[in-house]
Amino acid sequence: MPNIVPTDPAARELFDEMTRWPIFDPHSHINPHSPAARNLDEVLGYHYYTELAHSAGMPSELVAEDVAPRQRARNLSRYLDRIDNTVQYSWLTEIARTFYGFDDRINADTIDALYDRAEKSETGPAWDANVWSKTNLEACFLTNDFDDTLEGWDTSKYVPCLRTDDLVLKLHLPSTVERLKNSTGIDVVDYASLSQAIGILFERFKSKGAAACAISLPPDFAPFRATPKAAVTPIRRALHGMDLRPEEHTMIRRAVFWLLAEQCAEHKMPFDLMIGPIRGVYAAGVSGGRDLFDRRVSLHDYHELFNHFSNVTFPVSTLSPDAAGELVAYSWIFPNVVPMGYWWYSNIPAYIAADLKARLQAVPKTKQVGYYSDAYKLEFVLPKFNTFRKVLAETLADDGIRGRGWSVDRALDVAKLVILENPRRLFARG
Amino acid sequence: MPNIVPTDPAARELFDEMTRWPIFDPHSHINPHSPAARNLDEVLGYHYYTELAHSAGMPSELVAEDVAPRQRARNLSRYLDRIDNTVQYSWLTEIARTFYGFDDRINADTIDALYDRAEKSETGPAWDANVWSKTNLEACFLTNDFDDTLEGWDTSKYVPCLRTDDLVLKLHLPSTVERLKNSTGIDVVDYASLSQAIGILFERFKSKGAAACAISLPPDFAPFRATPKAAVTPIRRALHGMDLRPEEHTMIRRAVFWLLAEQCAEHKMPFDLMIGPIRGVYAAGVSGGRDLFDRRVSLHDYHELFNHFSNVTFPVSTLSPDAAGELVAYSWIFPNVVPMGYWWYSNIPAYIAADLKARLQAVPKTKQVGYYSDAYKLEFVLPKFNTFRKVLAETLADDGIRGRGWSVDRALDVAKLVILENPRRLFARG
Amino acid sequence: MPNIVPTDPAARELFDEMTRWPIFDPHSHINPHSPAARNLDEVLGYHYYTELAHSAGMPSELVAEDVAPRQRARNLSRYLDRIDNTVQYSWLTEIARTFYGFDDRINADTIDALYDRAEKSETGPAWDANVWSKTNLEACFLTNDFDDTLEGWDTSKYVPCLRTDDLVLKLHLPSTVERLKNSTGIDVVDYASLSQAIGILFERFKSKGAAACAISLPPDFAPFRATPKAAVTPIRRALHGMDLRPEEHTMIRRAVFWLLAEQCAEHKMPFDLMIGPIRGVYAAGVSGGRDLFDRRVSLHDYHELFNHFSNVTFPVSTLSPDAAGELVAYSWIFPNVVPMGYWWYSNIPAYIAADLKARLQAVPKTKQVGYYSDAYKLEFVLPKFNTFRKVLAETLADDGIRGRGWSVDRALDVAKLVILENPRRLFARG
């Protein structure tokens, strides 16, 4: 049993039933070669802990790369009491209890004992299987670089997704172009060869069972159509490492993005849009803890895209909590816009509860993707999904069962669609 | 009894009392010549059902104009199970039960039976009266084109409102100018004659008991004052069908809008502002299901208007759910700004509940207009008002009675102001 | 006992304990020479009452400066029934009961009796002490003009804060420059002497035990760094009363603001940022009731500041309710950004409850400053803090105790940090 369960009996009944279902996780950053944590440092290395501890006063040097793993865990542990009010901390205690059988408070006094229990370096694959099984995972989507060979793991369990930030946002970097050439065998020198190379990437990903193309986009990106004609020169300049003016960068981003959408259409792949982050806003932050957002963003910037690619499904996540209402409206109108999970700064129960209630009242139940873990290590999938399951159970009990007279079965049908059957169907492969 | 009632006893007591009050509906799109639905197709034709079903996968052709009404209903019914989680669907079941005595689930198997029951083509006026009476309607405001003759119905029940979108946003279209000439007898050729024609419209509407002027405005419209001097040339160009630059369009919109506000001041008519929609964002959508918004909008753009026309009451509805907090603040400060109901994408219980709590805590109780139906057919007034009454009852029970120790009578006094007495007073005619 | 207490038993237990704690109020507008109200007019003169009554129909002349105090109170009292739904009204009844032993409804019939009871002109200092003691105040921060002599009161109780709006936003006014010269003895004529004068202000404030520098900033202010080189000419022109172009105003604001931040760094003083208001939006409003905001504002505009001054703590208040989510995110990432209280248009229980839940789930508990009174008269500190304590108690009972299985003690530890210990530590002096 998770350590946090609904106290309301109707919600508890729904929650208990949900915990028996497998988990279908349509977005994570799991490394399929080493999915579960090999030690506690890999758990505590999740940026939520390092950034929150740093925000609460921990110097970032204490968790720097060159610190030994156990010492890093010890260092961090001295700051955990400052953040033990957070939902992120609750995931940690649930991991300690569920996977390590550890029930004590986690602090400087207990960190060594917990570290010892979490040491799995010699039993890695068995431990991966153990965590997978305890989590009752059915599928876990990955975030793969475009030049990932996608080899060496069971892609029916760890499902590839083509992550394309580098292609759209960093095409002007020589390293991107080099990687693209190497991974496709195409001499990428202009718009035509770029388009060809991108096509090859999609072919390879598709053949390996990839379920989606995905990208995270800054708030100032507006995916208006760039005609090949207008984009051809800026793209050639970028591919040759030449200096670019701001409007050329804009043109390149739009053109590459459009090429990706065309490939999604051709290969019938959903295109996950993760809208909002600005990278490196807090430059001195810990690794993974530097990005923020500007909340002045609107899905209206995406309307040309949604209209043009009516056959592409766009599962959309927005970053700023106050943008949630717009996603409800756009999902309610556009058949190809699907609200997907709760991302990062919006992945807080208070925000989820407020928005989920609206989604369940206003968006067709068959087109909602309830949640994804966004996890880097397998241990996080279960506690994060349990956080969502609790909110979902409470929302359905309160608003469905008590509020609208739904039966328990009717509430569970909605829950199952949102949390399991919709992602299965929307991301069906092959 | 409505099928959805509060389960909390205190809220139930308030709700039950509210259901005994008449309904004063200060905004709808009812056709006074045929207010109630003549058949189920007219109920299911409400854009909420067609757009949600389309969003959930129904091809728009299935509900196209040239499909026979019963077939349209059948077609739509096959998709209703996909949207039966929505609040809009709950209105449908309440209509079926209240007005057609139909308690089954509504789907492809039962649609014909329900269609038969809802067939009222031969008893139209009697049915109108029946629905009016069951709804306990006191007044239902209309949305009248400026060239509506306003004849053929009882305007004390179906109260005219002058809708002015076309004048402000489409003055450059020859059809608008033609309609204006025909309906006023004025040869509208320049600013002066335009002003004169608009004055005639207001006279006519006023003489027919019109209660308000109303307009919906896109997010990029900022009603700053346009001096007649600056507007005279662009308006003349528009009236003669000449090409216009973007800044001329802006000038025309501002100038015509200002003329309308002046007429509102002169005729002591409230000016309903419905702020936010962008028309045709999803061009391939079903009829009525193509408009969305850009949430980057602020009431600060309206401050010159609110200041200048201090004697005009502006009942304001905003479209984007996240804009609600600003309306609370502007209503709290400006005597002539009145928060009015919950519009369209904000008309979802989750959003209403969150915002209504704030309105009831921060805006004088005497200047809140709780709700309007926005309905196209009379049958929707009751279930939509019941949705609001439930949220209002729950809010007052939770925040007023339990939270602040109010008596039931005190809570009911507030409810009655908000839902009945304020709209009666603010929209008093004559 | 306050008249509004939680009904939920767990919340009530937390609330009762909190009412035993002293109040540490890190922001007010109290006048230390006359902190408590000398009569009821000074209570009712709080802009919340005059602006809400005016918004509800009271002509502003009825509370103009030249009206005699008792008559002003009588005039206002006739409108109180229109705003008795508001949280602000509930503060008034709590004051009447707690400080004046008055339990009746407050209206035109009872206003004279209440006025008589509240008459304290002859017992001022004793009454100040009485209110201080009943409120159980530990410290109350002030808002001091930069040229305040800071003399004549106990600065360990009434703690000075350097308010700097005039320096940043009104440097171009001769009166500002004059005051600056007079209060520092520096002949302020250019960037160097301005910088020197500002340094002297900080020295003086610091020596008098000032706890913070504070400023309120309009939504269009973006504190990017202005190099002295670029600012030197515009600042010289401003100091000599010369005409300034808009971009020169921008440069001056940025440069002066940067100088202030540098002084905060040097003197280890927190810099309170109160972001959002636009002054005089409703020009015809009552005193204190003319300011509003444009909700299109983002903390991203502040990222250079937060990065550059990593050693300065920035307690941040935002004005627009929908901006709250961004502050949660920025406080979660930036060690030096601290979410502080609920300001003005956001200081409504509905908004506090929604946001506080998120803060408690996502921001380290050691860096939250729960609340400040923003009061002008001492009597308001207690009812305003009680409003917050109630929301805090309910949030912790619901989300902490029931939602996450916290003990009462654990919930109280969090409460005590947020409401008392964090402000004590963050604003520690000397």
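Restricted to Cα atoms, the protein assembly as shown shows a radius of gyration and a Dmax of 31.4, 92 angstrom.
Looking at the stretch B:219-289, I'd like the Rg to Rh ratio, where Rg is from alpha-carbon atoms and Rh is Kirkwood's inverse mean 1/r. Please report the intermediate quantities before stating the final value.
On the way: Rg = 14.8 Å, Rh = 14.1 Å.
Here Rg/Rh amounts to 1.05.
Could you work out the per residue convex hull volume over the alpha carbons of the stretch A:143-339, in cubic angstrom?
Details: hull volume 26.2 nm³, N = 197.
Considering the Cα atoms of the stretch A:143-339, their hull volume per residue is 133 Å³.
Among C:336, C:31, C:85, the largest mean-square fluctuation in a Gaussian network model of chain C, built with springs joining Cα atoms closer than 10 Å, belongs to C:85.
What separates the residue B:16 label point from its copies, with the point 7 Å along Cα to Cβ, is 3.3, 3.3 nm, written shortest first.
Please build a GNM for chain A, connecting alpha carbons under 10 Å apart, and tell me which residue among A:358, A:126, A:73 fluctuates the most. Comparing A:358, A:126, A:73 in the GNM, the peak value goes to A:126. Under 13 Å from a label point set 7 Å out along the Cα-to-Cβ vector of residue C:308, the amide N atoms of the stretch C:238-258 belong to C:251-258.
Span-like helix check, chain A: qualifying full DSSP H segments, with Cα axial length of 18 Å or more and mean Kyte-Doolittle of -0.5 or more, are A:87-100, A:191-207, A:246-267, A:349-362, A:381-395.
Rg and Dmax, both from the Cα atoms of the stretch B:58-99 and both in Å, are 11.4, 30. The alpha-carbon of residue B:384 sits under 12 angstrom from the alpha-carbons of these aspartates and glutamates, leaving out residues fewer than 8 places away in its chain: B:25, B:94, B:374.
FRET efficiency for residue C:70 and residue C:130, Cβ-Cβ distance as r, R0 = 25 Å, nearest 0.05?
Values: r = 22 Å, r/R0 = 0.88.
Efficiency, from the Cβ-Cβ distance: 0.70.
For residue B:206, the lysines whose Cα falls under 22 Å of its own Cα, not counting residues fewer than eight places away in the same chain, are B:157, B:181, B:268.
For the stretch B:48-168, what is Rg from Cα atoms divided by 2.2 N^0.38 Å, rounded to two decimals? Spell out each step's value before the answer.
On the way: Rg = 17.2 Å, N = 121, 2.2 N^0.38 = 13.6 Å.
Taking N as the residue count of the stretch B:48-168, the ratio is 1.26.
Taking the Cβ-Cβ separation of residue A:78 and residue B:230 as r and a Förster radius of 60 Å, what is the calculated FRET efficiency to the nearest 0.05?
Values: r = 67 Å, r/R0 = 1.11.
Step by step, r from the Cβ atoms, then E = 0.35.
Considering every Cα-Cα pair within the stretch B:39-119, what fraction, in whole percent, is farther apart than 20 Å? Spell out each step's value before the answer.
Values: 668 of 3240 pairs.
The calculated P(r) of the stretch B:39-119 puts 21 percent of pairs beyond 20 Å.
Across every pair of non-identical alpha carbons in chain B, the mean reciprocal distance, once inverted, gives a Kirkwood radius of 22.6 Å. Of all the options C:229, C:268, C:390, the one that moves most in a Gaussian network model of chain C with Cα springs shorter than 10 angstrom is C:229.
Counting alpha carbon pairs within less than 8 Å and at least 6 residues apart, what relative contact order, in whole percent, applies to chain A? Please report the intermediate quantities before stating the final value.
Details: 710 pairs, mean separation 90.9, N = 430.
In percent, rounded to a whole number, it is 21.
Working value for the stretch B:315-430: equivalent-ellipsoid semi-axes of 19, 17, 16 Å, each the square root of 5 times a Cα gyration tensor eigenvalue, largest first. Within the same chain, lysines fewer than 8 places from residue C:365 are excluded, and of the rest, those with a Cα less than 16 Å from its Cα are C:357, C:416. If a spin label sat at a point 7 angstrom from the Cα of residue A:267 along the line to its beta carbon, the backbone N atoms of the stretch A:208-233 nearer than 14 Å would be those of A:208-215. Residue-level result for chain C: its Cβ closest to the axis carrying C onto A, with that distance in Å, is C:322, 3. Note on the stretch C:94-227: percent of Cα-Cα distances in each 5 Å bin, starting at 0 and stopping at the bin with the largest distance, equals 2, 8, 14, 14, 13, 11, 9, 10, 8, 6, 3, 1, 0.
Every number here is computed from the coordinates shown, using simple stated rules; none is lab data. Just so we're clear, the structure is a prediction, and the values are computed from it rather than from any experiment. Glycine gets a Cβ as well: all are built from the backbone with ideal geometry, and neighbour counts include every protein chain shown.
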